[in-house]
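Enquirer: First the structure, then my questions, so here it is.
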Amino acid sequence: MATKLKTDTTDQLFYSNELLQLTVLGGIKLEGLDRMRVTIKIQEQQSSRPPVRHNLDLYNDTQLEKFIRKVAEKLEIGTNVIAASLSELTEELEKYRLDKIKEKEENLKPKIRQLTKIEQEEALTFLKSKDLLQQTNDLLNDSGIVGEELNRLLMYLIFTTRKLEKPLHIISLGSSGTGKTYLQEKVSQCIPPEEVINITTLSDNAFYYFGKTDLKYKLIVIEDLDGASNALYPLRELQTKNRIVKTIVQKNTKGETKTIYLVVEGPISVAGCTTWEQVYEDNANRCFLIYLDEGEEQDQKIMQYQRLKAAGKIDSYKQRETQEFLQNTQRMLQPIKIINPYAEQLILPQSVFKPRRTNEHYLQFIEAVTFYYQHQRKHRTDKTTGEIYINTTLEDIENANNLLKEILIRKSDELTGACRDYLEILKTYLSKNKRKTFTNAEIMRTLRIKKTTLHRYHGQLQSCYYIKKVKKKDKSFAYQIIDLQEYKKLRESIHTVLDTTLSNLKKPKVPNRSTTQNGTQNNQ
């Protein structure tokens, strides 16, 4: 008998044979393969008898037998014919459901774009550019990222490490409305979309229910860490251990209790934004922290860009084209082992807080720069293992130092980023007005800072002995900065250590002379 299931609309599925027409009203659910609940309408072909409608589970034999007898009685047709028709319908629905599930899964999978030969050649030519980092920064500007020259390049390189076994992570800090999310979003758009997972909010156990390898070598972009606060623990475990495991209890089809392990594997690279630096301290310790530029010059750049965009003078097509080109260059980067022959001689400033983790981040970032320059580095082969690797060069270390100086300065500062920014603005204000003391009321009016924020800053500055209270002649109190040069000294000390270390590495090595047993000297 010829059979056919018509699936033109998902809300009504039509199946017919020579004797009967069956309609599945409302379609079928794709979830739960252990059941097949349907609302079905059965009627005879070419007959004026009213159809029979019923709701049942086609996998439930008891329900099915009762339904067959009911239809046979009302339509006056043999039960064998009805049973055969329902059996055929069930098989067709099973095929239809499995096809739909497969189609849904394929649609959810990110589409991996295959580059043409010309696109590959263009990307490779770019990656072999002499001034690669500067050209990359220029393209980031052309993609629509206004200002933030250092932060955008730093973030882009950190996003590139998602392909490494030990990726780096980054948190953007700044007050509300400074463009943290915008910067993160725009830089992530320069990464292939199939390798990026954007998240707004997360439930407590959300990470455990990804597929085992769904997150592997992916960039996880969290719009606001406040929206993912409940999932920060498994996120930290993924960052540190590259793997999370959760045990849950489920009942099988026989009603037996069974323990199931949910395993999700990394590595992953994580990016997030927040205004609260201290709230996410555990996560911040695992990440690079960047502080957005809240200065007047950056404000002017952004407002000018907004005016140009409103006037229709921003070429959005060129921006998208630039983003796609940067995505293509990322696709041409392949995982490769990196060895840093200078690692033992690289020393961090003693002023850096939590030096163990900072030292690891420093070495990893140098590795990230080397990885980005992989098409300009000689590929070597380990004679023992046959593994291919590339070596870090002094150029990579110098590039990393230039990008990380500000990060290391912040890592060496006991003040939070917002408090430090306030203190430096305060110093500029006092110097400009040739003042030594200041009051809360004066600063609130002049610098337009909220009372609660100002009290928080002054509390932190007093507890760390950056400012002190002084009594004025009228017996009222004011504040005074204890050392106006402390941050300049900190900056100079870090620059000196990094520059001196690099300078020593660049010096030509003088061969040691040793006397042989014959009294001659040989180079060692």
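The values are calculated or read from the model by the stated rules, or taken from the named source; none is laboratory data. Predicted model only: the values in this text are computed from it and were never measured. In this analysis, Cβ positions are derived from the backbone assuming ideal geometry, glycine residues included, and neighbour counts consider all displayed protein chains. Remember, those area values only see protein heavy atoms, side chains included, never the ligands or the DNA or RNA. Shrake-Rupley method; radii C 1.70, N 1.55, O 1.52, S 1.80 Å.
Enquirer: Answer with yes or no whether R380 is closer than 27 Å to F126 by Cβ and either out of contact with any Ser or Thr (no Cβ under 8 Å at 6 or more places or on another chain) or buried (at least 16 other Cβ atoms within 10 Å of the Cβ) (or both). Quick ask: steps written out before the conclusion?
Expert: Details: closer than 27 Å to F126 by Cβ: yes; either out of contact with any Ser or Thr (no Cβ under 8 Å at 6 or more places or on another chain) or buried (at least 16 other Cβ atoms within 10 Å of the Cβ) (or both): yes.
Spelling it out, R380 is indeed closer than 27 Å to F126 by Cβ and either out of contact with any Ser or Thr (no Cβ under 8 Å at 6 or more places or on another chain) or buried (at least 16 other Cβ atoms within 10 Å of the Cβ) (or both).
Enquirer: Would you mind finding the one in E414, E424, E387 that is at pLDDT below 85 and loosely packed, with under 15 Cβ neighbours inside 10 Å?
Expert: Values: E424 fails: at pLDDT below 85; E387 fails: at pLDDT below 85.
Going through E414, E424, E387 in turn, just one is at pLDDT below 85 and loosely packed, with under 15 Cβ neighbours inside 10 Å: E414.
Enquirer: Quick check, is Q345 open to solvent by less than 60 Å² (accessible area, probe 1.4 Å), more than 23 Å from Y487 (Cα to Cα) and touching a Ser or Thr at 6+ places or on another chain (Cβ under 9 Å)? Let's see the steps before the verdict.
Expert: Details: open to solvent by less than 60 Å² (accessible area, probe 1.4 Å): no; more than 23 Å from Y487 (Cα to Cα): yes; touching a Ser or Thr at 6+ places or on another chain (Cβ under 9 Å): yes.
Judged against the criteria, Q345 is not a match.
Enquirer: Out of Y291, Y261, Y342, Y305, which single residue is farther than 29 Å from G144 by Cα, in contact (Cβ under 8 Å) with a residue 60 or more places away in the chain and of a type outside the set (A, V, I, L, M)?
Expert: On the way: Y291 fails: farther than 29 Å from G144 by Cα; Y261 fails: in contact (Cβ under 8 Å) with a residue 60 or more places away in the chain; Y305 fails: farther than 29 Å from G144 by Cα.
Within the list Y291, Y261, Y342, Y305, the selection yields Y342.
Enquirer: Looking at the structure I just gave you, is I101 outside any helix (DSSP H, G or I) and either touching a Lys or Arg at 6+ places or on another chain (Cβ under 6 Å) or of a type in the set (A, V, I, L, M) (or both)?
Expert: Values: outside any helix (DSSP H, G or I): no; either touching a Lys or Arg at 6+ places or on another chain (Cβ under 6 Å) or of a type in the set (A, V, I, L, M) (or both): yes.
Against the criterion (outside any helix (DSSP H, G or I) and either touching a Lys or Arg at 6+ places or on another chain (Cβ under 6 Å) or of a type in the set (A, V, I, L, M) (or both)), I101 does not qualify.
Enquirer: Of all residues in the stretch 352-367, how many are in contact with an Asp or Glu (Cβ under 9 Å, 6 or more places away or on another chain) and surrounded by 13 or more Cβ atoms within 10 Å (Cβ to Cβ)?
Expert: Within the stretch 352-367, the subset in contact with an Asp or Glu (Cβ under 9 Å, 6 or more places away or on another chain) is 353, 366-367.
From what's left, surrounded by 13 or more Cβ atoms within 10 Å (Cβ to Cβ): 366-367.
Qualifying residue count, the stretch 352-367: 2.
Enquirer: When you scan the stretch 427-524 for helices (runs of 4 or more DSSP H) that lie fully inside it, which ones turn up with 2 or more residues that are open to solvent by 100 Å² or more (accessible area, probe 1.4 Å), among the acidic types (D, E) and at pLDDT 90 or above? Talk me through it step by step, then tell me what you get.
Expert: Details: elements: 440-447, 451-463, 486-506.
Answer list for the stretch 427-524: none.
Enquirer: Which pairs have Cβ atoms under 8 Å, sit 6 or more apart or on different chains, and link a residue in the stretch 313-326 that is over 24 Å from K117 (Cβ atoms) to one that is open to solvent by 60 Å² or more (accessible area, probe 1.4 Å) and not in a helix (DSSP H, G or I)?
Expert: none
Rundown of residues vs (1) farther than 29 Å from S143 by Cα; (2) surrounded by 15 or more Cβ atoms within 10 Å (Cβ to Cβ); (3) out of contact with any strand residue (DSSP E or B) (no Cβ under 6 Å at 6 or more places or on another chain), yes/no style:
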{"site": "L183", "(1), (2), (3)": "no, yes, yes"}
{"site": "K218", "(1), (2), (3)": "no, yes, no"}
{"site": "L232", "(1), (2), (3)": "yes, yes, yes"}
{"site": "S269", "(1), (2), (3)": "no, yes, no"}
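Enquirer: Which of the numbered conditions does S176 fail, given that it passes all the others? Conditions: (1) open to solvent by 30 Å² or more (accessible area, probe 1.4 Å); (2) part of a strand (DSSP E or B); (3) within 30 Å of D413 (Cα to Cα); (4) of a type in the set (S, T, Y).
Expert: With (1) open to solvent by 30 Å² or more (accessible area, probe 1.4 Å); (2) part of a strand (DSSP E or B); (3) within 30 Å of D413 (Cα to Cα); (4) of a type in the set (S, T, Y) applied to S176, the lone miss is (2).
Enquirer: Can you say whether T161 is touching a residue at least 12 places away in the same chain (Cβ under 8 Å), within 12 Å of the chain's Cα centre (by Cα) and closer than 23 Å to N402 by Cβ, as far as the supplied structure shows?
Expert: Here the answer is yes, as T161 does meet what is asked.
Enquirer: Which residue pairs have Cβ atoms closer than 9 Å, lie 6 or more positions apart in sequence or on different chains, and pair a first residue in the stretch 25-53 that is under 14 Å from K100 (Cα atoms) with a second residue that is in a strand (DSSP E or B)?
Expert: Listed by first residue and then by second, the contacts come to G27/Q12; G27/L13; G27/V38; I28/L13; I28/R37; I28/V38; K29/R37.
Enquirer: Looking only at the stretch 68-94, which residues are free of Cβ contacts under 8 Å to residues at least 40 places away in the same chain, open to solvent by 50 Å² or more (accessible area, probe 1.4 Å) and outside any loop (DSSP other than H, G, I, E, B)?
Expert: Of everything in the stretch 68-94, those that are free of Cβ contacts under 8 Å to residues at least 40 places away in the same chain, open to solvent by 50 Å² or more (accessible area, probe 1.4 Å) and outside any loop (DSSP other than H, G, I, E, B) turn out to be R69, K70, E73, K74, T79, N80, S87, E91.
Enquirer: Which of the residues spanning the stretch 484-495 are of a type outside the set (A, V, I, L, M) and over 12 Å from L408 (Cβ atoms)? Explain how you work it out, then say what you get.
Expert: Our first condition is that a residue be of a type outside the set (A, V, I, L, M); within the stretch 484-495, this holds for 485-489, 491-493, 495.
Of everything in the stretch 484-495, those that are of a type outside the set (A, V, I, L, M) and over 12 Å from L408 (Cβ atoms) turn out to be Q485, E486, Y487, K488, K489, E492.
Enquirer: Within the bounds of the stretch 186-197, is there any residue that is closer than 30 Å to Y305 by Cβ, touching an Asp or Glu at 6+ places or on another chain (Cβ under 9 Å) and loosely packed, with under 13 Cβ neighbours inside 10 Å?
Expert: no
Enquirer: Select, from L394, L408, L404, the only residue that is of a type outside the set (F, W, Y), farther than 23 Å from E165 by Cβ, touching a helix residue (DSSP H, G or I) at 6+ places or on another chain (Cβ under 7 Å) and crowded, with 18+ Cβ neighbours inside 10 Å.
Expert: Numbers: L394 fails: crowded, with 18+ Cβ neighbours inside 10 Å; L404 fails: farther than 23 Å from E165 by Cβ.
None of the other options fit; the residue is L408.
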